[in-house]
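This report concerns only the one structure given below.
The values are calculated or read from the model by the stated rules, or taken from the named source; none is laboratory data. What you are looking at is a predicted structure, and each value in this text was computed from that prediction instead of being measured. Please note: Cβ atoms are built from the backbone with ideal geometry, for glycine as well, and neighbour counts cover all protein chains shown.
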Protein chains: 2
Amino acid sequence: MAELTRLSLNTATVRERWDLPACIEGCARHGIDWIGPWRDGLAAYGVERAARHIRDAGLKVSGLCRGGWWTAGTLAQAIEDNRRAIDEAAAIGAACLVIVNGGLPDGSRDLAAARARCLQGLAAVLPQARAAGVPLALEPLHPMTCADRSVLSTTAQALDWCETLGEGVGVALDVYHVWWDPEVLTQISRARGRILGFHVCDWLRETRDLVTDRGMMGDGVVDIAGLRAAVDAAGYDGPIEVEIFSSRDWWARDPDEVLSVMKRRFERCV
Amino acid sequence: MAELTRLSLNTATVRERWDLPACIEGCARHGIDWIGPWRDGLAAYGVERAARHIRDAGLKVSGLCRGGWWTAGTLAQAIEDNRRAIDEAAAIGAACLVIVNGGLPDGSRDLAAARARCLQGLAAVLPQARAAGVPLALEPLHPMTCADRSVLSTTAQALDWCETLGEGVGVALDVYHVWWDPEVLTQISRARGRILGFHVCDWLRETRDLVTDRGMMGDGVVDIAGLRAAVDAAGYDGPIEVEIFSSRDWWARDPDEVLSVMKRRFERCV
């Protein structure tokens, strides 16, 4: 099982009831060493205030969620926004900037063009990311999000993009997105030296929503410990974020309860 | 665009309002040459009566839906049920038996074991399928169904299984399940000589349900004509089934309207 010192709270897990300062305090109170904030929470709180608060609370930042979205609006707009995201990630000392690449542009059926546009955007901001010391963590999202969220769908594809882009780019692997893949273990092994983040939650057998119906570790069907062992065997020893979008269950609960359960389940299932 | 003579009605498209005899009559009335029945409809009508009715109406059977489900109940039960399905497919002259392999067994997180069990079941019934002249069409299902419907998730994986199993096995490719795959065109090309069926519908950008929210061709984001051209280029010139599970739209409409729209959209989008 993974050491509890690797546990990170992705703030989306309690996003309906805690703002960023409450998340920082919550992590400190529960003895959680890492936090994975979102940009909206950072903007609401103020980047400098957040950076100071996180530092003062003794927390480390596993990653900032999220850059990317190359296919919404114009590419120039997306590039500008990602430049700001890189600055924000640097300001809070994030170990990486998580990139969700975006789906098909409105009205388009051209996956190849959408993917090319993502690579174009990534290449455009990569020099700045390298200079800032903020690696870009490409997150393959579940194929069910291909139309509207991510034309990057598999670990193999993400690693292909890393090879195209070169230094300063890696992958963030979320068990929710990759567990089903017949190639997942082979590709995790191939990812050695490229793994920038590892996210956990669970896939509920009776999933009711394509976005907000994730489960707590242990409540679903994913062999989380097996994937964690594979990621470790590929050389990753960094933080492990718990990121649960759950409109029907966890978002409605008291966040202190969520963090307590999360810690127990992390020790038992991750 | 594909010739209208290749159009097949998968009866699930109108399953809420037409039984099998109504589907047969509907196809005849609308000048649709092919039909893809389901086993429950066949059982309700009687296999011999259905076979005669289909023949008398001048229809051909593109495929019988469906065998498989190796991971529910015992393997021996599944094998027995698949033997019956092969007999039924032979009795109605189906071009293939479509196989949906099943998800993880209840309570299991072991994908490798579930996949091994599917291969074991397939190998057990394959001699009978060969003797009956009923090829088994392995259908990779969308990764979002991996927990509860299909541990066979990609075209590449389906072709790997075909190679393991040998003669008498091929693939049924449904655009809904495979469109997102970065390897789909490469794998369709690899599938030459193994393509037993091609199914169409569309992926709605705002998908609300993991099973019953498919769109009519043209209403979603899939480059259907592009995939059809790839399948043709790989040597497939057989029937093309329209299979739409749609609890919020098409299932509620008058089936005669559905068939009329389906024909127009087939000519325009496939």
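Across the range A:53-96, which residue is surrounded by the fewest Cβ atoms within 10 Å (Cβ to Cβ) among those that are touching a strand residue (DSSP E or B) at 6+ places or on another chain (Cβ under 7 Å) and charged (D, E, K, R)? Looking at the filtered set, the residue picked out is A:K60. The residue of the range A:187-203 that is nearest to the other protein chains (Cβ to nearest Cβ), among those that are within 14 Å of A:H142 (Cα to Cα) and not in a strand (DSSP E or B), is A:W203. Here the condition is being within 24 Å of B:G67 (Cα to Cα), modelled with pLDDT of 95 or more and surrounded by fewer than 23 Cβ atoms within 10 Å (Cβ to Cβ); of B:G226, B:G193, it holds for B:G193 alone. Exactly one residue out of B:A129, B:A158, B:A147 is buried (at least 22 other Cβ atoms within 10 Å of the Cβ), at pLDDT 95 or above and at the interface with chain A (Cβ under 8 Å from one of its Cβ atoms), and it is B:A147. If you check A:A51, A:A22 for being farther than 30 Å from A:V151 by Cβ and out of contact with any helix residue (DSSP H, G or I) (no Cβ under 7 Å at 6 or more places or on another chain), only one passes: A:A22. All conditions but one from (1) buried (at least 24 other Cβ atoms within 10 Å of the Cβ); (2) touching a Phe, Trp or Tyr at 6+ places or on another chain (Cβ under 9 Å); (3) over 30 Å from A:D223 (Cα atoms) apply to B:R214; the one that does not is (3).
The set of residues in the range B:238-266 being within 30 Å of B:R192 (Cα to Cα) and within 20 Å of the chain's Cα centre (by Cα) consists of B:G238, B:P239, B:I240, B:E241, B:V242, B:E243, B:I244, B:F245, B:M262, B:K263, B:R265, B:F266. Count of the range A:166-186 residues, restricted to those that are of a type outside the set (V, I, T), touching a residue at least 40 places away in the same chain (Cβ under 8 Å) and part of a helix (DSSP H, G or I), is 2. Once the range B:161-177 is narrowed to residues that are away from chain A (no Cβ under 14 Å) and within 16 Å of B:C65 (Cβ to Cβ), the residue that is surrounded by the fewest Cβ atoms within 10 Å (Cβ to Cβ) is B:G170.
Based on what the data block shows, is A:D237 surrounded by fewer than 21 Cβ atoms within 10 Å (Cβ to Cβ), within 14 Å of another protein chain (Cβ to nearest Cβ), at pLDDT 95 or above and in a loop (DSSP other than H, G, I, E, B)?
Working: surrounded by fewer than 21 Cβ atoms within 10 Å (Cβ to Cβ): yes; within 14 Å of another protein chain (Cβ to nearest Cβ): no; at pLDDT 95 or above: yes; in a loop (DSSP other than H, G, I, E, B): yes.
Considered against the rule, which asks whether it is surrounded by fewer than 21 Cβ atoms within 10 Å (Cβ to Cβ), within 14 Å of another protein chain (Cβ to nearest Cβ), at pLDDT 95 or above and in a loop (DSSP other than H, G, I, E, B), A:D237 comes out as no.
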